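Asks: I am attaching a structure below and will ask some questions about it afterwards.
The values are calculated or read from the model by the stated rules, or taken from the named source; none is laboratory data. Bear in mind the structure is a predicted one, so any value in this text is a computation, not a measurement. Neighbour counts run over all protein chains shown; Cβ positions are idealised from the backbone, glycine included. Calculation scope for accessible area: heavy atoms of the full protein, side chains included, ligands and nucleic acids excluded. Shrake-Rupley method; radii C 1.70, N 1.55, O 1.52, S 1.80 Å.
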Amino acid sequence: MIQINYYGFLHDLWEEFLNLIFPPRNTCFFCNGPADFQGICSDCIRKLNNYSTQPQCYICGRYFLSAGKQNLLDLEENDKRPTVCTECRHSEHLYVFARAAGLYDGNLMRAIWKFKYGKKTYLTKPLGGLLTGVVESLISLGHSELRLKKSEIAGLVPVPLANKRLRKRGFNQSELLARFVSHNLDVPFLPLLNKLKETPAQTGLSREQRQSNLAGVFGVSQCKIPVGKSVILIDDMFTTGSTVSECSRVLLNAGLKSVFVATVATSTIR
Amino acid sequence: MVSRPLLLFTGIVISGIVLSGYLNISPGFLLLLLGIAFFAAVTGYLFSWRASGIVLSLLFFLTGIFYGTISNNRVNPDLFRYTGHWVTLEGVVCSEPDLRPDKVFYKLDLTRIKIGEEQSRLKARVLVQAPKPDKVYCFGDLLRIHGLLVRPDEPGNPGEFDYRTYLTRQGIGVILRASGSEDFVLLGVRGNPFMRQLLLLKKKIIMVQQQTLPADKAALVNGIVFGTQGQIPEKLWEAFSQTGIVHILSVSGMHVGLVLAGAIALTGFLNIPVIQGTLLISLLVILYSLFCGMGPAVTRSALMALMFLWSYRLGRKQDWPTTLSLAALIILLWKPAAIYDIGFQLSFSATWGILYLGPVIDELLKKHTRWPAWIQATIWVSLAAQLATLPLVALYYNLFSPVSMLANILAVPLTTAILALGVCSGILGLFSVFLAGLINACTSAVLDIFIAVVSLLNNLPGSFISIPSPPLIFIPAWFIVLFFSARIFNKKNASTTVRFLSENRNAAVLILILAVTAISLLFFKTPAEKQLVMHMIDVGQGESILIQFPSGKNMLVDTGGWEGEFATGEGAGSKVVLPYLQRLGVRRLDVLLLTHSHEDHAGGAAAVVNSIPAALVIVSSAAQKANSLSGASPEEDPYSRLLEGFRKKGILIQAVNEGDRLLLDPDVEIKVLSPSSTRTYQADDENNSSVVLMIRYGRQKFLLTGDIEVEAQESLLKSGADLRADVLKMPHHGSSNLLRSFVERVHPSFALISAGKNNRFFLPSSETVKLLKDLNIPVYRTDKDGAIILSANGSKMRVKTGRGTGPW
């Protein structure tokens, strides 16, 4: 028997309709230069990929970029083990792996800034596209390292916004990104978390301050928790990892087996 | 690059609608074709045909033709057989009444018509005109109205506003003229109750302004807030249009933008969640455009504002060419005739200018000036809009306004303030007129400044230049020039455009030629072949003849004039003759000749001379004598006051009589045949004192006879002057006060009569018409043919009439 996916059909039709009214422009989302397709031009992709060859913490995914400060790298000669930053090594990390599409710098920084604060929601597409790659690599990483099957990954969990902030901004950037990736990869979208308290902006705070700020802020929402399975936490930005750690703690306490973190951009290790 | 299917489809629909005006295909057949095309398009889509793009284009093209045809045939021809009769109509008021200072217009959806005892049901739309009543009916009222049913006038003069076509495009074929409130009976209430409540609310808000502000200012506030223009004093209106800020009085992008910004700020302030906020703002924008009557400019702005708003919510980037064309498509599918609407054309071209040319100008300004950002912004917006609307403004209003930019810089911030205050006082006034009054004290002060600024700018010398109507080809030429110049100045496209132009030399040369001709066409008249052109302008009851000599000089013989024009200064002179001269690009009158002092000949003189300087005014020598004899003091006599006004302006006034010659053009001989220098004319003998001119160019002669009656005709016959002429302007609008022998002596190839349609003197008289018929002289009449334009090159003559008819 043929199954007709009405929702999919309607969704496609709606997208076609929107394409008619707001035709997608074949210019680079990042630099506004001409592109061969809708998305990010090869120049900007190359700039992003420049970072991917840089050494990266195996756990938190941040880049070892501070030039010359080799001590941070903690490399052991002839050791095949991946490099792990001092922070991840010395403190207990709650998520398994965190990965990002690039460094929070240059065009990517501007794009995220425009997306979040300039409310240019059309940037969901290119940023979500980048994030899709990150989620895919996390799935394969989970498979190779933890023998996780794709079916064991219950879904994508966006980092929530407090109601007040959500109202002001009009959208939750993590949710938009998670929905986009979920549609792209056919992985369920799972809004498991909610933010109970408004916290002051995290910018400019130290790791300890951030952690204390966040204690008890996140809660699990009423929906059914996929106990014993893994999820991928989605956020736009990975700075010190306090937010995602706190979210992971809440999720693990709720009975999940493991948490992966996918963000669009990440920072360097200071 | 972006693919913009909607832009293409809109273009196709527009061409379909325009084409439908020239085709005459039955709607049923078109519907059949449309069905087939639709079926083909759906099949093509489902089976992914390669040619489905073409099928789809065809579908849109047919849609355009179909909608155009339907809209062209909306006038119910059954009503035409009732025209010229007194009838009683029953129908529902289907739009907001259009209030003017002295009258009111309703649009009526007819349900029933009664003439005498005969009654029938008819579906049609009728315009009802009534003198200013005490009670104004509103949308949805079911009325019984008694009045005279007439067809709207066709324009008599070429280039004039075509009222009949204008109404026809709204589906209105006839006008009912009611004579007072006793002709109206309210039978009940019909119509959309939602719209009715909305318009009642608007009426209340307008009333609030009228209660708390002086009439003129209330009209201006309501004009700025709602775009209701009927009540604004004509002088002020003219000042607005001459300084290029008339767009302020028609609700458009600026107004909707301000309302949108206000609504966004309000939802932000009240901390309304964004989704609900977006819905609320959308609702507000829709309500506002309903309030403003859903004209093309309002609808366009509202649609674009909604798309702007929702592009955020839907996570899409706006593409303005698509948004603009979608707005056009929606308006045209709703009202195809909007394509001919001046407001539609101006609104869309201005928006195109602002969005396409604007950024380029902005970039140039930022590079070369260090002015504050808001000045730069006002400059680029108004300059872009002015550049893009220039050919249309030249075509429809014969205007070019150099102060427009300055006026906009000053007026736009003031308008913003007035709009904000007006909205506040209007809404508050619904609850407390007192509070509205408090706010409006402020509004009034801002309005004072506003009006002062506008009239100051309007009075600057050279604040506006009247330019002749450009030929139609000028309009596309101008837009092509704009398109390419903007691309060359644009950093991003410059290199590709320059490469394109250097690789296609011919295209470059073509564009250069276009640019030069476009600009020169606008400001200079093309040198025509050497000829004498005589325009007998259709001025209604009255007379005005413009003669353009082969050397390029202009002489105006009489200026027309409606009843009361001496006193008001408004009428044939300002509304017909002046625009006529401006359309032709006449900037200076070398001679203004007033044959005699009657209002229907000299009434418009003041208005004409105020705008087009006259070097010399020629009058009949007898007129002055007659005046002194009549005993009227110069202050009382409007004609003397007129001449006194000319004298004060420093215009030379010359009285002429029999035997004088006017040396205006070396190739043209102008002889004055009358008035006689010996005869004394009585005060009631004005007509006989008219200046009679014999104009000869090569072998062709024209006899202009003013209003002379039998006595003057006799003395002309007796004087022995050579009266033979090819063209005879019939004396006194074709009155029966005419000698057969005079006409026989002149023996013209054809005659001209200037008379108003259905005038109360019943001119031209049937006897004169019969006489001309007997003598086998064809006649051109302004009441039937409109303007009569004779072009003579000395041996051959061509006749053109405003309505393309005649001779009779």
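Asks: In whole percent, how big is the carbon plus sulfur part of the accessible area of the protein assembly as shown, probe 1.4 Å, protein atoms only? Kindly include the intermediate steps, with their values, before the conclusion.
Replies: Working: 30800 of 51340 Å².
Accessible surface attributable to carbon and sulfur in the protein assembly as shown totals 60 percent.
Asks: Using helices alone, I'd like the mean residue ellipticity at 222 nm for the protein assembly as shown: each DSSP H run of four-plus residues gives -39500 (n - 2.57), total over residue count, nearest 500. Working shown, then result.
Replies: Numbers: 38 runs with 499 residues, N = 1078.
Calculated at 222 nm, the ellipticity per residue is -14500 deg cm²/dmol.
Asks: Describe numerically, in nm with one decimal, the distance between label points set 7 Å from Cα along Cα→Cβ at residue A:15 and at residue B:610.
Replies: 6.6 nm
Asks: Taking R0 as 35 Å, what's the FRET efficiency between residue B:3 and residue A:110 from their Cβ-Cβ distance, rounded to 0.05? Walk me through the numbers before you get to the answer.
Replies: On the way: r = 27 Å, r/R0 = 0.77.
With R0 = 35 Å, the Cβ-Cβ based efficiency is 0.85.
Asks: Run the 1.4 Å probe and let me know the accessible area of residue B:669, rounded to the nearest 10 Å².
Replies: 50 Å²
Asks: Kindly tabulate the residues in the range B:274-299 with an accessible-area decrease of at least 50 Å² between the chain alone and the assembly of all protein chains, using a probe of 1.4 Å.
Replies: Residues meeting the cut-off: B:274.
Asks: Determine the dipole magnitude for the range B:102-152: charges of +1 sit on the beta-carbon of Lys and Arg, -1 on that of Asp and Glu, nothing else is charged, the reference point is the Cα centre, and the result goes in debye to the nearest 20.
Replies: Details: 11 positive and 6 negative charges, 34 e Å.
With only Lys, Arg, Asp and Glu charged at Cβ, the dipole is about 160 debye.
Asks: With charges set only on the Cβ (+1 for Lys and Arg, -1 for Asp and Glu), what does the dipole of chain B come to about its Cα centre, in debye to the nearest 20?
Replies: Values: 72 positive and 58 negative charges, 610 e Å.
Its charge dipole is roughly 2940 debye.
Asks: What is the helix-to-structure angle for B:621-630, meaning the angle in degrees between its Cα long axis and the longest Cα principal axis of chain B, kept from 0 to 90 and rounded to the nearest 10?
Replies: Orientation of helix B:621-630: about 90 degrees from the principal axis.
Asks: Hey, another quick one. How many percent of DSSP beta bridges within the protein assembly as shown run antiparallel, rounded to 5? Don't jump to the answer; show the numbers that get you there.
Replies: Numbers: 74 of 120 bridges.
Antiparallel bridges: around 60 percent, rounded to the nearest 5.
Asks: How much net charge surrounds residue B:338 when only other residues with a Cβ under 15 Å from its Cβ are counted (Lys, Arg +1; Asp, Glu -1)?
Replies: Numbers: positive: B:74, B:169, B:300, B:335; negative: B:341.
For residues surrounding residue B:338, the net value is +3.
Asks: Mind giving me the nanometre distance, one decimal, between the label points for residue B:485 and residue B:50, set 7 Å out from Cα along Cα→Cβ?
Replies: Output for this residue pair reads 4.4 nm.
Asks: Given the options B:589, B:539, B:573, identify the residue whose Cα lies farthest towards the positive end of the charge dipole of the range B:512-614 (+1 on Cβ of Lys, Arg; -1 on Cβ of Asp, Glu).
Replies: About the Cα centre, the residue reaching furthest to the positive side is B:589.
Asks: Can I ask one more? Please determine, in degrees from 0 to 90 and to the nearest 10, the orientation of helix B:253-269 with respect to the longest principal axis defined by the Cα atoms of chain B, where the helix direction is its Cα long axis.
Replies: It is inclined by approximately 30 degrees.
Asks: Note down the relative contact order for the range B:1-122 as a percent, whole number, built from C-alpha pairs under 8 angstrom at least six residues apart. Present the calculation step by step, with values, prior to reporting the outcome.
Replies: Details: 129 pairs, mean separation 27.8, N = 122.
Relative contact order comes out at 23 percent.
Asks: What list of ³J(HN,Hα) couplings, whole Hz, do you get for the range B:416-429 from phi and the Karplus terms 6.51, -1.76, 1.60, once you set θ to phi - 60° and write x for glycine and proline?
Replies: 4, 4, 5, 4, 4, 5, x, 5, 4, 5, x, 5, 4, x
Asks: Would you work out the charge dipole size for the protein assembly as shown about its Cα centre, treating the Cβ of every Lys and Arg as +1 and the Cβ of every Asp and Glu as -1, and quote it to the nearest 20 debye? Write out the running numbers ahead of the final one.
Replies: Values: 105 positive and 80 negative charges, 777 e Å.
With only Lys, Arg, Asp and Glu charged at Cβ, the dipole is about 3740 debye.
Asks: I need to check one value: relative contact order of chain B, counting alpha carbon pairs closer than 8 Å and at least 6 residues apart, in percent.
Replies: On the way: 1473 pairs, mean separation 65.0, N = 808.
After rounding, I find 8 percent.
Asks: What total accessible area, in Å², is buried where chains A and B meet, using a 1.4 Å probe and rounding to the nearest 100?
Replies: Details: alone 15240 and 38250 Å², together 51340 Å².
Approximately 2100 Å² gets buried when A meets B.
Asks: Hey, another quick one. Classify the range B:80-222: rounded, prolate or oblate, from the alpha-carbon gyration tensor (a ≥ b ≥ c, eigenvalue square roots; a/c under 1.5 rounded; otherwise prolate if a/b is larger than b/c)?
Replies: Working: a/c = 1.91, a/b = 1.31, b/c = 1.46.
Verdict is oblate for the range B:80-222.
Asks: Which aspartates and glutamates, on any chain, are close to residue B:553 with Cα under 16 Å apart, when same-chain ones fewer than 8 places away are left out?
Replies: By straight Cα distance, residue B:553 reaches B:529, B:590, B:665, B:667, B:669.
Asks: Compute the signed sum of charges (Lys and Arg +1, Asp and Glu -1) over the other residues within less than 15 Å, Cβ to Cβ, of residue B:88. Before the final figure, lay out each step's value.
Replies: Details: positive: B:112, B:114, B:121, B:144, B:177; negative: B:90, B:117, B:118, B:182, B:183.
Within the 15 Å Cβ shell, the charges total 0.
Asks: If you don't mind, another one. Heavy-atom accessible area of residue B:587 with all protein chains present, probe 1.4 Å, nearest 10 Å²?
Replies: 110 Å²
Asks: Taking amide H positions as placed in the peptide plane 1.01 Å from N, state which residues far from residue B:585 in sequence (5 or more) or on other chains have amide H under 5 Å from it.
Replies: B:469
Asks: Enumerate the helices in chain A for which the Kyte-Doolittle hydropathy averages 0.0 or more and the C-alpha atoms extend at least 24 Å along the helix's axis, using complete DSSP H runs. Working shown, then result.
Replies: Values: long enough: A:124-146 (30 Å, 0.63).
Qualifying helices, which must be both long enough and hydrophobic enough, are A:124-146.
Asks: I want to check the label-to-label distance for residue B:567 and residue B:19. Put each point 7 Å from Cα in the C-beta direction and report it in nm to one decimal.
Replies: Placing both labels 7 Å beyond Cα along the Cβ direction yields 5.7 nm.
Asks: Per residue, what accessible area does the range B:707-808 have, given a 1.4 Å probe and all protein chains present, in Å²? Kindly include the intermediate steps, with their values, before the conclusion.
Replies: Details: 4700 Å² over 102 residues.
About 46 Å² of surface per residue is accessible.
Asks: Now, a different point. So, R0 is 51 Å and r is the distance between the beta-carbons of residue A:137 and residue B:800; what FRET efficiency does that work out to, to 0.05? Could you put the intermediate results ahead of the total?
Replies: Details: r = 80 Å, r/R0 = 1.57.
My answer for the efficiency is 0.05.
Asks: Choose one of B:49, B:720, B:377: the residue whose Cα lies farthest towards the positive end of the charge dipole of chain B (beta-carbon charges +1 Lys, Arg; -1 Asp, Glu; about the Cα centre).
Replies: So the residue we want is B:49.
Asks: On to the next question. Within the range A:164-194, find all residues whose amide N lies under 14 Å from a label point positioned 7 Å from the Cα of residue A:220 along Cα-to-beta-carbon.
Replies: Within reach of a label on residue A:220, which here means backbone N under 14 Å from a point 7 Å along Cα→Cβ, the range A:164-194 contributes A:191-194.
Asks: Still on this structure, please answer the following. In straight Cα distance, which lysines are under 26 Å from residue B:217, not counting same-chain residues fewer than 8 positions off?
Replies: B:103, B:132, B:135, B:202, B:203, B:204, B:235, B:575
Asks: Still on this structure: What residue among B:322, B:243, B:405 has its Cα farthest toward the positive end of the dipole of the protein assembly as shown, where the charges are +1 on Lys, Arg and -1 on Asp, Glu, each on the Cβ?
Replies: Going by the charge dipole, the pick is B:322.
Asks: Follow-up. Mind listing the long-range amide H neighbours of residue B:122? Cut-off is under 5 Å, sequence gap 5 or more, other chains count too, H placed in the peptide plane at 1.01 Å from N.
Replies: Amide H to amide H, under 5 Å and 5 or more residues apart or across chains, residue B:122 pairs with B:112, B:113.
Asks: Note down the net charge around residue A:128, summing +1 for each Lys or Arg and -1 for each Asp or Glu among other residues with Cβ under 12 Å from its Cβ. Kindly include the intermediate steps, with their values, before the conclusion.
Replies: Numbers: positive: A:125, A:179; negative: A:175, A:236.
Residues close to residue A:128 contribute a combined charge of 0.
Asks: Hey, another quick one. When all protein chains stay in place, what accessible area (Å², nearest 10, 1.4 Å probe) is found for residue A:41?
Replies: Counting only protein heavy atoms, the figure is 20 Å².
Asks: Under a cut-off of 19 Å between alpha-carbon atoms, report the lysines in cross-link reach of residue A:164, not counting same-chain residues fewer than 8 places apart.
Replies: Filter leaves A:116, A:119, A:195, A:197.
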